Amino acid sequence: MIEAVIVDDEEDGREALRLALQKFCPDVRIKAVYGIPEEAVVGIKELEPDLVFIDVQMPGMSGFDVLQKLTSVSFDVIFVSAFDRYAIKAIKFSALDYLLKPVDVDELVGAVGRVRDRQDKKGKSFLVESVLHNVKFGTNQVRRLAVPSFDGVDFFDAKDIIFCKAEGSYTAVFLTGGLQKLVSRNLKDFENLLSDSGFCRVHHSFLINLQHVQRYVRGEGGYVMLTENHHVDVSRRKKEEFLALLDRP
């Protein structure tokens, strides 16, 4: 049995989610429902649930603020809210779930299923910590990236990432100073999060930081010379997009 708490300032949203869980997720038991974020902070500390459904946008205190107020997070989190493009990218990058209102039953069942699959696993606090870090600037521009790893969270300054290379379902992150990290996120996840922060997908295998471009050598697709002697191929179909970004002031 998964013991859960719902936090949402909208009564209709709280009730719709409660009824959907009752009907389609019978192994989820609702321990409490909160409409006031400040009360949720106190209640979550006392109840110690397995799962918290939390609205992102609430007056006075956002869902992220509520989680930030908790000294430790030993539960899973499923975010529920209206559309927020950047928050969705950051949440999904951190391997947490985000349900759009009105909540789709299939997506709800899938999200609860993923919580069930990792119920006995450690590292939930790392997932929450990473998403809180990646959304805290309230902007599409990512300054510092937090990536959950097996035993913690790796932090990278976006400006220090020279390029990212696809390695199957993993991504190799090449950093200044000759550092390299292998991260258990695919390259598309990095592209989704960093595309508004001066990064460009120039090839199916490469995402580059435009700040580190030193020279472009023309060809069918050509290639890019980056800082610290890195060379990255540009695919023919990505060439036009890449050159257009280089021409931007």
Does GLU241 fit the bill of being under 28 Å from the mean Cα position of the chain (by Cα), surrounded by fewer than 16 Cβ atoms within 10 Å (Cβ to Cβ) and farther than 22 Å from PRO148 by Cβ? yes
Restricting to the range 147-161, name every residue that is farther than 19 Å from ARG118 by Cβ and either modelled with pLDDT under 80 or of a type in the set (Asp, Glu) (or both). ASP154, ASP157, ASP160
Please go through the range 11-30 and give me each residue that is closer than 15 Å to LEU99 by Cβ and in a strand (DSSP E or B), ordered by number. VAL28
Of (1) over 25 Å from the mean Cα position of the chain (by Cα); (2) in a strand (DSSP E or B); (3) small (Gly, Ala, Ser), GLY221 satisfies every one except (2)
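Matching residues to (1) under 21 Å from ARG29 (Cβ atoms); (2) modelled with pLDDT of 90 or more; (3) in contact with a strand residue (DSSP E or B) (Cβ under 7 Å, 6 or more places away or on another chain); (4) among the basic types (Lys, Arg):
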residue: ALA90; (1), (2), (3), (4): no, no, no, no
residue: PHE93; (1), (2), (3), (4): no, no, no, no
residue: ASP106; (1), (2), (3), (4): no, yes, no, no
residue: VAL112; (1), (2), (3), (4): yes, yes, yes, no
residue: ASP117; (1), (2), (3), (4): yes, no, no, no
residue: VAL131; (1), (2), (3), (4): no, no, no, no
residue: ASN140; (1), (2), (3), (4): no, no, no, no
Flag for SER197 being under 26 Å from LEU127 (Cβ atoms), exposed (fewer than 15 other Cβ atoms within 10 Å of the Cβ) and not aromatic (Phe, Trp, Tyr): no
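The values are calculated or read from the model by the stated rules, or taken from the named source; none is laboratory data. Remember, predicted model here, so these are calculated numbers, not experimental data. Quick reminder, even Gly has a Cβ in these numbers, built from the backbone with ideal geometry, and neighbours come from all protein chains shown.
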